[in-house]
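Structure record follows, encoded as structure tokens.
The values are calculated or read from the model by the stated rules, or taken from the named source; none is laboratory data. Bear in mind the structure is a predicted one, so any value in this text is a computation, not a measurement. Because the Cβ atoms are built from the backbone with ideal geometry, glycine has one as well, and the counts that use them run over all protein chains shown.
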Amino acid sequence: MNSGSLGIGLLGLGNVGSGVAQELIKNKELLSERAGINLELRKVLVRDIHKSRFVDVDSDLLTTNWTDVIDDPNVNLIVELIGGETPAKKYVQLALSKAKHVVTANKELIAKHGQELLALAEDTKVNLLFEGSVGGSIPIISALTRDLSANRIDTIRAIINGTSNFILTAMAEQNMDGARALQLAQSLGYAEANPHNDVEGIDASYKLAILATLAFQSKIDPSQVYTEGISTLEAKDFQYARELGYAIKLLAIAKCEMKEIQVRVHPALIPDNHMLAKVVGAFNAVELEGNLLERTLFHGLGAGQGPSTSAVLGDILEIGRRIATQSYPVKFIELEQSPKIIPMNELKTLYYFRLNISDRAGVLAQITKILGDLDISIASVIQKDSDPSTGTAEIVITTHISKEESVQRSLSLLEKLDTVTKVNNVIRIEEILA
Ligand SMILES: NC(=O)c1ccc[n+]([C@@H]2O[C@H](COP(=O)([O-])OP(=O)(O)OC[C@H]3O[C@@H](n4cnc5c(N)ncnc54)[C@H](OP(=O)(O)O)[C@@H]3O)[C@@H](O)[C@H]2O)c1
């Protein structure tokens with residue numbers, strides 16, 4: 001083992017930070033041996049030094065002053081586990097500009113500022129690693145940047161938000177409505193008190209921007225990812241989807257064809273015999289298609305202390321090994337700076353409509369005329385619950401491949417029909433081979 005040591009400064013001692021600190025303290029010898037260099041936890045930045053913590057960190061290591069960590073000459077590696085953009089970006093920039101290596105699990109930071117930070121790391125010849133930013137324990141960043149880098153990846157389909165997948169699983173398996181499923185997720189610790197970013201697809205859009213940037217070697221900003229959350233889904237959608245042979249998942253989809261890229265996060269019906277349909281609870285999965293690998297699926301726990309700690313420690317050990325063997329930081333890939341992103345209204349896919357209509361003759365003809373005029377060809381129509389007391393019925397329509405722009409136009413026309421009492425939901429269908 002290298003006789004030197006790698007001094008580690010931890011920013012944040014919350015859920016993930018505590019896991020990382022605990023392992024660095026309890027398993028110091030084993031981890032140091034695997035890194036080939038002594039790993040020394042030297043300083044830990046927190047907001048509140050008096051807060052009770054489940055990890056037993058020497059109180060001398062704790063500080064509320066970031067300069068104590070970043071300016072410490074004995075700290076060569078900063079592990080950023082604060083989260084969010086501010087002040088995390090400032091701390092990471094300062095650390096890199098002082099030629100300190102950085103490991104982070106911060107998806108928002110990497111999705112929005114990764115390119116700039118990696119350029120800074122390259123200038124100062126240090127490593128910036130971020131395996132923990134996507135997919136928890138699933139080693140997807142290293143797979144895209146190293147193991148699969150000989151491929152031309154053209155498709156990513158991923159379930160990369162454990163909270164929303166937990167909620168969708170409860171809705172599908174226990175016939176719960178979204179609000180009750182969210183409460184259950186919160187009571188079991190799978191959802192935060194403010195679940196907005198998880199439920200509205202924002203967290204998944206950050207992660208998809210990172211994956212698509214690496215897979216297509218093109219700079220994709222999270223603002224370019226079309227993002228729709230799960231809050232419009234109802235228990236009935238799951239019931240009808242099941243009858244049609246589908247599951248419903250919050251899918252993060254990125255495709256690159258002839259250098260044209262689509263990036264979108266939205267609920268999707270997927271064939272229930274596909275492996276992504278079997279990803280339940282807080283699990284994540286990423287399916288890649290590429291010219292050499294054909295199709296590969298990664299599956300594992302996407303969040304939580306253990307899985308995230310596993311990813312962060314993997315990066316720390318990798319940096320330890322690179323220092324111990326005096327390897328240069330791996331040069332980051334050149335990114336295409338202005339890739340062509342296909343606007344969402346040009347998307348062509350299959351659709352599921354759920355409508356409430358007046359239960360009388362001629363209504364279906366009005367609906368099929370609107371859809372037909374917009375070139376939306378119907379694959380199936382099923383009449384569901386009829387309610388004689390209100391004279392209404394629910395119908396579910398699925399379409400063949402249609403254009404998003406036409407579907408959106410059809411909705412405004414359908415809503416104007418006095419025989420359509422409500423457009424309950426429209427969900428895209430992702431047709432994939434099982
Ligand atoms: N939780 C997961 O399962 C998971 C999974 C994958 C990735 N991540 C990512 O990992 C990172 C950390 O997540 P987490 O769940 O561990 O967060 P967390 O539990 O909220 O912990 C955040 C920590 O940062 C400290 N902190 C926050 N703002 C600070 C500031 N301005 N100055 C100094 N310290 C500050 C807090 O100090 P106090 O303790 O004193 O309040 C706390 O120790 C995030 O980027 C997150 O997206 C988390």
*Give me the pairs: first residue in the range 192-203 and charged (D, E, K, R), second residue modelled with pLDDT of 95 or more and assigned to a helix (DSSP H, G or I), beta-carbon distance under 6 Å, and six or more apart or on different chains, which are they?*
D198/T163; D198/S164; D203/N197
_Residue that is nearest to the ligand (Cβ to nearest atom), among those in the range 320-342 that are at pLDDT 95 or above and within 25 Å of the chain's Cα centre (by Cα)_ = I341
*Do we have A170 as of a type in the set (A, V, I, L, M), under 20 Å from the mean Cα position of the chain (by Cα) and farther than 30 Å from L118 by Cα here?*
yes
*Can you spot a residue in the range 217-234 that is of a type in the set (D, E, K, R), modelled with pLDDT under 95 and over 28 Å from E116 (Cα atoms)?*
no
_S32 - would you say it is within 20 Å of N127 (Cβ to Cβ), crowded, with 16+ Cβ neighbours inside 10 Å and among the hydroxyl-bearing types (S, T, Y)?_
yes
*For the range 282-309, name all the residues that are aliphatic (A, V, I, L, M), surrounded by fewer than 19 Cβ atoms within 10 Å (Cβ to Cβ) and within 16 Å of the ligand (Cβ to nearest atom).*
L301
*asked:* Go through (1) out of contact with any helix residue (DSSP H, G or I) (no Cβ under 7 Å at 6 or more places or on another chain); (2) touching a residue at least 12 places away in the same chain (Cβ under 8 Å); (3) of a type outside the set (S, T, N, Q) for V55 and report which single condition fails.
replied: (1)
*asked:* Can you pull out every residue in the range 1-20 that is surrounded by 16 or more Cβ atoms within 10 Å (Cβ to Cβ), of a type in the set (A, V, I, L, M, F, W, C) and out of contact with any strand residue (DSSP E or B) (no Cβ under 6 Å at 6 or more places or on another chain)?
replied: V16, V20
*Conditions: (1) surrounded by fewer than 23 Cβ atoms within 10 Å (Cβ to Cβ); (2) of a type outside the set (K, R); (3) over 26 Å from K331 (Cα atoms). I230 meets all but one. Number of the miss?*
(1)
*Kindly indicate the residue of the range 191-221 that is among the small types (G, A, S) and part of a loop (DSSP other than H, G, I, E, B) and also surrounded by the fewest Cβ atoms within 10 Å (Cβ to Cβ) among those meeting that condition.*
A193
*Within the set of pairs 6 or more residues apart or between chains, which connect a residue that is outside any helix (DSSP H, G or I) inside the range 160-179 to a residue that is at pLDDT below 95 and buried (at least 18 other Cβ atoms within 10 Å of the Cβ) with Cβ atoms less than 9 Å apart?*
I160/G302; N161/G302; N161/A303
*Can you name the residue in the range 101-132 that is surrounded by fewer than 24 Cβ atoms within 10 Å (Cβ to Cβ) and among the basic types (K, R) and is also farthest from the chain's Cα centre (by Cα) among such residues?*
K125
*Qualifying positions in the range 223-235 - in a helix (DSSP H, G or I) and touching a strand residue (DSSP E or B) at 6+ places or on another chain (Cβ under 7 Å)*: Q224
*Could you grab me the full set of residues in the range 385-410 that are more than 33 Å from the chain's Cα centre (by Cα) and either within 14 Å of D373 (Cβ to Cβ) or among the acidic types (D, E) (or both)?*
D385, D387, E394
*Check the range 343-352 and report whether any residue there is of a type in the set (V, I, T), part of a loop (DSSP other than H, G, I, E, B), over 18 Å from L214 (Cα atoms) and touching a residue at least 60 places away in the same chain (Cβ under 8 Å).*
no
*Filter the range 133-163 down to residues that are under 12 Å from the mean Cα position of the chain (by Cα) and away from the ligand (no atom under 14 Å from the Cβ) and give me whichever is surrounded by the most Cβ atoms within 10 Å (Cβ to Cβ).*
A158
*Would you check if there is a residue in the range 171-189 being within 12 Å of the ligand (Cβ to nearest atom), of a type outside the set (A, V, I, L, M, F, W, C) and surrounded by 14 or more Cβ atoms within 10 Å (Cβ to Cβ)?*
no
*In the range 72-130, how many are in contact (Cβ under 8 Å) with a residue 24 or more places away in the chain, assigned to a helix (DSSP H, G or I), of a type in the set (D, E, K, R) and within 15 Å of the ligand (Cβ to nearest atom)?*
4
_I'd like the full set of residues that are more than 15 Å from the ligand (Cβ to nearest atom), acidic (D, E) and not in a strand (DSSP E or B), limited to the range 33-70._
E33, D58, D60
